[in-house]
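This report concerns only the one structure given below.
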Amino acid sequence: MLNLNQPINANGTANEEVYKILIFDKFCQDILSPLIHVKDLRKHGVTLYFLIDKNRKPVADVPAVYFVKPTQHNIQRIISDASNSLYDYFHLNFSPSIPRPLLEDLASGTLNSESIDRISKVHDQYLEFVTLEDNLFSLADKSCYVQLNDPKATDREIEEIIEKLVSGLFCVLATLAVVPIIRCPRGGPAEMVASLLDQRLRDHLLVKNNLFSESGNFTSSFQRPVLCLFDRNLELSVAIQHDFRYRPLVHDVLGLRLNRLNVQGDKGGSKSYELDRADPFWVANGSLEFPEVAVEIETQLNKYKKDVDEVNRRTGGQDGAEFDGTDLIGNTKHLMNAVNSLPELTERKQVIDKHTNIATVLLGEIKERSLDSFAKKEYEMMVRGGIDRGELLAVLKGKGTKMDKLRFAIMFLISTEAIPQLEVEAVETALKEAEVDTSAFQYVKKIKSLNVSLASANSASRSNIVDWAEKLYGQSISAVTAGVKNLLSSDHQLAMARTVEALMEGKPNPEIESYLMFDPRAPKSNSGSTSGHMKGPFKEAIVFMIGGGNYVEYGSLQELAQRQQPTKHIIYGSTEILTGGEFVDQLTLLGQKMGLGGGTSAAPATAH
């Protein structure tokens, strides 16, 4: 795209250097941000870049590359730019496919202003998603969980959300150039998305030169991947719990957004860091527990010092001297080696310093909020199916923010098989004393009590409860948990990872017996059935969580992929990547919409 949609050479740069200007909207800026840095833009000949809404001055004899969503507002802005001859010629790139009515508006608008000859090319890029890591993406679709579970949502509103999700997933599949086998649980948003995506892929495959006619580089064999769709209600606990591993902890506590975060520097002021695949320490240690990360930082620092001492020794410098390249004497060969190793050593030191700063700030937060205690006790609750009342109240009256305590209280509610009335009342009192808004707690309690009623009701009254609950609570009757068995198996693997493993193995398994299967390449009659020839085993999977994902699930799926023999490939995506606090904010909103809870508001989490 940055090379005016011409092929690029082996170095990843243009064959012919053309200076150009890049124009994007806010949504496409978020798509570009984790993928390309300013220095990379320079490498591709981009000299200036602007948001489309900014007032811009004309630049003569320079092409402009536009990367925007196809909206009425953006189309009008492009027509205005072209008619004012802001740039020499225009290469238009739309994130998803541009609808025909908007394309016609663009054509007639530029024709009327006699600027149509400035429009050089129009491309559909099918990039309506944010790639955070090689195996992690987000549709950046805000508050999807609230919208899908809102009791007041109309059928049309739900359909619009589902269409938006299908459009985003279609873009992901078009980019990977694969048509997967789709698996999902019955009912709820997952089945709605699966069914519509299946239809969209079928319609597209009827076109002669379709996006999937050339196989993509995702597949390591001729075998197709499996796309597993899940609804957040499969496992609420993972979205709420405190986790003590490095990647989830950095996201939850420091607010990692689009692979960037800001932390307080040691001399005041704020430092901005990027944490992505270019950072070897982040890639290697993201899934370790925090204490192990601290040890690893120290190990890396000692190794760095040893290498510096070795270079200094060979070049006649002082032992233990900081390696700055000034104290270099000795024979030429050693001198050359030292000079060559200087950039690598400097880079290593920068990475070590960065993670030392991040770990120091994290440690301060952990001590101040007792985050290690929250993580440990929540884990124990899930394993034991409850917690001693004294211990429970001690945590709620101890250290931690209002949001920490609210999350802990909801985790207690989810972990118990039944709803222990006395404990629940004690928790509500403790939360009110801490001035916490209990709407989210009341919402989960209500859904949980419905599930308990469902479990004990006979079939006739059960269907009445379901009808009544679905009218009252929107989609979320399939929610919260049937107790501990759904949350943790004997090896404490997440329910989602366990299900994905079963779907990839393709062996008979009671957990996935009822899962639907859609094959967009098969005759229509087989679609939506639970039987079929394409049941696996699969080497590759795309897992998508509707209603908000997190780094805990991403980490568990990557561990699952590495654990398999031979290693499998799993991509994880979700409607948005949420911290525990942000997800509880959505539960609070649902509780308020249903008139539950109240009290002083818990401090809302900032959006990431």
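In whole percent, what relative contact order does region 53-202 give with Cα contacts below 8 Å and a gap of six or more residues?
Across region 53-202, relative contact order equals 18 percent.
Over region 355-427, average the accessible area per residue using a 1.4 Å probe and give it in Å², no decimals.
42 Å²
Report the gain in length on full extension from residue 337 to residue 89: 0.36 nm times residue separation, minus Cα-Cα distance, nm rounded to one decimal. Could the numbers behind the result be given before it?
Numbers: separation 248, 0.36 × 248 = 89.28 nm, distance 4.90 nm.
My answer for the length gained is 84.4 nm.
Can you list the residues, at least 5 places off or on another chain, whose amide H is less than 5 Å from the amide H of residue 542, using H built in the peptide plane?
226, 227, 228, 571
Calculate what fraction, in whole %, of the accessible area of region 234-273 sits on carbon and sulfur atoms when a 1.4 Å probe is rolled over the protein chains.
43 percent
By a straight-distance test (C-alpha under 28 Å), which lysines pair with residue 507 as possible cross-link partners, with residues fewer than eight away in the same chain excluded?
In chain and number order, the partners are 485, 524, 535, 539, 568.
Could you work out how far apart the two model spin labels at residue 367 and residue 521 are, taking each label as a point 7 Å from the Cα in the direction of the beta carbon, and quote it in nm?
5.8 nm
Take the alpha carbon atoms of region 76-121, find their center, do the same for region 560-583, and report the distance between the two centers in whole angstrom.
First find each Cα centre; the distance between them is then 39 Å.
Counting Lys +1, Arg +1, Asp -1, Glu -1, what net charge surrounds residue 70 among other residues with beta carbon under 14 Å of its beta carbon?
-1
Of the trypsin sites (Lys or Arg not before Pro) in region 340-423, which ones lie in a loop per DSSP and count no more than 12 other C-beta atoms within 10 Å?
Within region 340-423, the qualifying trypsin sites (Lys or Arg not before Pro) (loop, at most 12 other Cβ atoms within 10 Å) are 397.
Tell me the label-point distance for the pair residue 107, residue 376, using the 7 Å Cα-to-Cβ offset, in nm and rounded to one decimal.
Using points 7 Å along Cα→Cβ, the separation is 6.8 nm.
Accessible area per residue for region 20-127 in Å², computed with a 1.4 Å probe and the full protein assembly in place, what is it? Before the final figure, lay out each step's value.
Numbers: 5150 Å² over 108 residues.
Normalised by residue count, the accessible surface of region 20-127 is 48 Å².
Mind giving me the FRET efficiency for residue 5 and residue 203? R0 is 22 Å, r the Cβ-Cβ distance, nearest 0.05 is fine.
Efficiency, from the Cβ-Cβ distance: 0.30.
Rounded to the nearest Å, what's the spacing between the alpha carbon centres of region 279-299 and region 239-266? Just the number, please.
14 Å
Arrange the peptides 158-171, 234-247 so that the one whose residues have, on average, the most other Cβ atoms within 10 Å appears first.
For the peptides 158-171, 234-247, the packing ranking is 234-247, 158-171.
How large, in percent, is the carbon and sulfur part of the accessible surface of region 1-115 at a probe radius of 1.4 Å?
Roughly 53 percent of what the probe reaches on region 1-115 is carbon or sulfur.
The values are calculated or read from the model by the stated rules, or taken from the named source; none is laboratory data. Nothing here was measured: the structure is a model prediction, and the numbers come from that model. Cβ atoms come from the backbone with ideal geometry, glycine included; neighbour counts cover every protein chain shown. Just so you know, the surface numbers come from the protein's heavy atoms only, side chains and all, with ligands and any DNA or RNA stripped out. Shrake-Rupley method; radii C 1.70, N 1.55, O 1.52, S 1.80 Å.
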